[in-house]
1. Among the residues of the range 66-75, is any part of a helix (DSSP H, G or I), out of contact with any helix residue (DSSP H, G or I) (no Cβ under 9 Å at 6 or more places or on another chain) and open to solvent by 90 Å² or more (accessible area, probe 1.4 Å)?
2. Could you say which residue among TRP135, TRP65, TRP120 is closer than 30 Å to VAL21 by Cα, modelled with pLDDT of 85 or more and not basic (Lys, Arg)?
3. Take the range 116-156 and flag every residue that is assigned to a helix (DSSP H, G or I), aromatic (Phe, Trp, Tyr) and surrounded by fewer than 12 Cβ atoms within 10 Å (Cβ to Cβ).
4. Tally up the residues in the range 76-114 that are in a loop (DSSP other than H, G, I, E, B) and hydroxyl-bearing (Ser, Thr, Tyr), please.
5. Out of (1) open to solvent by 90 Å² or more (accessible area, probe 1.4 Å); (2) touching a Leu at 6+ places or on another chain (Cβ under 6 Å), what's the single condition that is false for SER87?
6. Restricting attention to the range 10-25, report how many residues are surrounded by fewer than 14 Cβ atoms within 10 Å (Cβ to Cβ) and touching a Pro at 6+ places or on another chain (Cβ under 8 Å).
7. Do we have THR3 as within 18 Å of the chain's Cα centre (by Cα), of a type in the set (S, T, N, Q), open to solvent by less than 70 Å² (accessible area, probe 1.4 Å) and within 27 Å of LEU108 (Cβ to Cβ) here?
8. Could you check the range 52-63 and list, in sequence order, the residues that are surrounded by 10 or more Cβ atoms within 10 Å (Cβ to Cβ) and either touching a residue at least 40 places away in the same chain (Cβ under 8 Å) or not in a helix (DSSP H, G or I) (or both)?
Amino acid sequence: MRTSDAVSGTMAAALGAALIVASADLSPLPRQVYGAGTFPKVVGALLLLMGGLLVLKGLRQRQPWARWTSKVSGRAFVQALAAVVASVIAYVVLTPLLGFPIVAVALLTLLFRAYHRRGWGRALLIAVIATTVIWMLFAQLLHVPLEAGLLERVLY
């Protein structure tokens, strides 16, 4: 089933609004301008903005709210679900041993390759870029400790 961009945008905007409301009670950290609620508020605002743009796009295209497309086989659904669950388990188990950068690149490469089937090189490149952006955002900008693992001497 395919849904209109207006429906998807409405859901994203609603999630963004809920994030902003839920993070309003989180207090700032001592002697810091930003606190625990900063990141959820930023993500919520981005979801609101992008959701609003999707709603406008969907309304302009006058798409039906939902339409049926080809069936998804039960086997493909179970394989996709198993891949996501296995990735989460592998992340939790392997990150303390190998570190975030190695585990994230490996898991994202496998997932991109499994879902998009466009070649290992492209999957690896996108995984490295995504992991680098996540590392820079969380570890460097927001000071969220991410396990460096085997790369601790290289990164620090």
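1. So far as the range 66-75 goes, yes, one or more of its residues are part of a helix (DSSP H, G or I), out of contact with any helix residue (DSSP H, G or I) (no Cβ under 9 Å at 6 or more places or on another chain) and open to solvent by 90 Å² or more (accessible area, probe 1.4 Å).
2. Of TRP135, TRP65, TRP120, the one residue that is closer than 30 Å to VAL21 by Cα, modelled with pLDDT of 85 or more and not basic (Lys, Arg) is TRP135.
3. TRP120
4. 0
5. Unmet condition: (1).
6. The qualifying residues number 1.
7. Judged against the criteria, THR3 is not a match.
8. Correct list: GLY52, LEU53, LEU54, VAL55, LEU56, LYS57, GLY58, LEU59, GLN61, GLN63.
The values are calculated or read from the model by the stated rules, or taken from the named source; none is laboratory data. Quick caveat, the model's predicted, so the values are computed rather than measured. Please note: Cβ atoms are built from the backbone with ideal geometry, for glycine as well, and neighbour counts cover all protein chains shown. Each accessible area value is taken on the protein alone, full model and side chains, heavy atoms only, with ligands, DNA and RNA left out. Shrake-Rupley method; radii C 1.70, N 1.55, O 1.52, S 1.80 Å.
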